[in-house]
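Each remark here refers to the structure printed beneath this line.
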Amino acid sequence: MKILVLNCGSSSIKFQYIETDLERIDHNQDRLLARGLVEKIGTVEAVASCQAGERASRDVGVEIPDHHAAIAKVVSMLRNTGALADPKEISAVGHRVVHGGDFQSSQLITAEVVKKIEEAVELAPLHNPHNLKGYDVCRELFPDRAQVAVFDTAFHQTMPARAYLYALPYDYFRRHRIRRYGFHGTSHRYVAYRFRQLTDRSKEETSLITCHLGNGCSITAIQHGRSVDTSMGFTPLEGLVMGTRPGDLDPAIILHLMAKLEMSHQEVATMLNRYSGLYGISGETNDMRGLLESTRKGHERARLAVEVFCYRIRKYIGAYTAVLGQVHGLVFTGGIGENAPRVRELACEQLAGLGYELDKARNEKALGIEADIATAASPARIFVIPTNEELLIARDTYRTIEGIENI
Ligand code: ADP
């Protein structure tokens with residue numbers, strides 16, 4: 001089955017075109033037919049690119065007024081690169097949807113599912129409306145094709161109440177759905193699945209901690225294939241330190257800033273989402289590569305930013321080890337987790353007593369590849385596993401349509 005995977009944002013669309021079926025999934029041989037990006041949608045200087053094997057298509061400075069034009073552009077680039085001879089070859093569309101409310105799994109999109117995604121707009125106002133727009137456009141362009149929503153939140157719906165409840169008056173949960181949802185679920189689920197495959201373990205016999213460290217960062221405790229706790233909460237602001245977000249914070253700081261500096265709601269929101277985290281502490285950049293370079297050159301605030309970032313990860317690993325009891329594997333993924341040995345080293349510092357023994361040489365060599373970076377004697381394995389959310393969206397789309405249980 002050939003599946004178009006779409007990740008629709010407000011002004012950009014990322015896409016992949018993937019062939020998958022049961023046999024390909026079993027042998028890990030899904031085919032990536034093409035991938036690409038349309039950026040600056042809504043302007044006359046949009047950029048659209050597509051890579052299909054050796055063939056590429058790229059347009060700079062084109063007019064792409066809306067999502068309809070953008071997805072039509074995706075189809076025309078797939079044709080230009082030879083990935084697609086006829087749009088009829090697209091069997092189904094899989095959409096990344098950020099907030100799925102209380103959905104526990106990927107869903108075939110029906111009127112009822114659309115209604116639920118709309119109800120979750122208030123919980124993810126920057127994402128869900130654009131995800132839905134992608135669905136509407138595809139319904140026009142491919143009216144008889146099945147479409148599936150794969151939610152960032154779904155994997156974490158298995159968290160027990162003790163993990164998802166905030167200790168606020170209970171009515172805020174009951175009436176206003178204030179609780180911890182968690183995000184990056186597709187990534188955590190994918191690397192957990194790959195860990196079990198690589199180590200030949202079943203869901204039932206595996207407890208894992210997965211660290212997704214990209215621009216956004218989150219860490220998840222997984223038991224028997226189910227998320228039992230995760231660091232992001234009601235929104236993706238909670239938990240680990242991120243590129244431009246602070247993660248865990250005393251909420252009284254916000255009250256203080258609003259009262260003392262008379263900061264507005266919007267100013268606080270901008271500060272928390274765009275000017276905090278690695279960028280906020282270093283005053284330099286949110287880019288981990290740049291910060292590691294600056295640290296080597298002796299920049300004190302860059303060093304501090306990296307140290308705070310890694311220390312927070314270490315604290316969460318300790319906390320989730322306590323949540324799980326025994327842990328079989330610790331997995332690093334995301335741009336930083338896959339490519340920054342120094343961050344993994346600092347995050348695992350002093351964790352030998354908890355059963356995580358990093359092998360320095362193996363760690364240094366693991367750059368963007370699947371690798372076991374623990375010492376042979378380490379009680380828990382430590383893995384680097386590049387994430388692949390698009391692949392999991394394609395597989396979920398296939399399995400949801402065929403009525404096969406998702407992993
Ligand atoms: P997003 O969350 O936007 O998908 P990524 O998962 O691509 O982001 O992660 C982006 C982060 O990964 C950036 O901080 C970037 O500096 C970091 N990164 C990428 N490559 C390296 C590298 N070789 N060394 C250190 N950090 C890296």
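The values are calculated or read from the model by the stated rules, or taken from the named source; none is laboratory data. Predicted model only: the values in this text are computed from it and were never measured. Virtual Cβ from ideal backbone geometry, glycine too; neighbours counted across all protein chains shown.
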Pair list, Cβ < 9 Å and 6+ apart or interchain, from region 131-143 residues that are of a type in the set (Lys, Arg) to residues that are crowded, with 20+ Cβ neighbours inside 10 Å: 133/8; 133/67; 139/109; 139/147
Please state which one of 368, 298, 337 is farther than 30 Å from residue 108 by Cα and part of a helix (DSSP H, G or I). 337
Looking at the structure I just gave you, is residue 284 within 15 Å of the ligand (Cβ to nearest atom), acidic (Asp, Glu) and either modelled with pLDDT of 95 or more or crowded, with 17+ Cβ neighbours inside 10 Å (or both)? yes
Which condition from (1) surrounded by 14 or more Cβ atoms within 10 Å (Cβ to Cβ); (2) at pLDDT 95 or above; (3) polar (S, T, N, Q) is the one that residue 264 breaks? (1)
Mind telling me which of the residues 58, 139 ends up being part of a helix (DSSP H, G or I) and surrounded by fewer than 20 Cβ atoms within 10 Å (Cβ to Cβ)? 139
What are the residues in region 188-241 that are aliphatic (A, V, I, L, M) and away from the ligand (no atom under 16 Å from the Cβ), if any? 192, 198, 208, 209, 221, 222, 228
Tell me, which residue of region 287-317 that is touching a residue at least 60 places away in the same chain (Cβ under 8 Å) and away from the ligand (no atom under 12 Å from the Cβ) is farthest from residue 261 (Cα to Cα)? 317
Of the numbered conditions (1) assigned to a loop (DSSP other than H, G, I, E, B); (2) away from the ligand (no atom under 16 Å from the Cβ); (3) surrounded by 15 or more Cβ atoms within 10 Å (Cβ to Cβ), residue 156 satisfies every one except a single condition; which is it? (1)
Enumerate the pairs (first residue in region 190-216 and on the phi < 0 side of the Ramachandran plot and among the small types (Gly, Ala, Ser); second residue anywhere and outside any loop (DSSP other than H, G, I, E, B) and away from the ligand (no atom under 16 Å from the Cβ)) with beta-carbon separation below 6 Å, excluding pairs fewer than 6 apart on the same chain, so at least 6 apart or on different chains. 192/208; 192/222; 207/223; 207/324
When you look at residue 386, is it within 16 Å of the ligand (Cβ to nearest atom), in a loop (DSSP other than H, G, I, E, B), at negative phi and not polar (S, T, N, Q), yes or no? yes
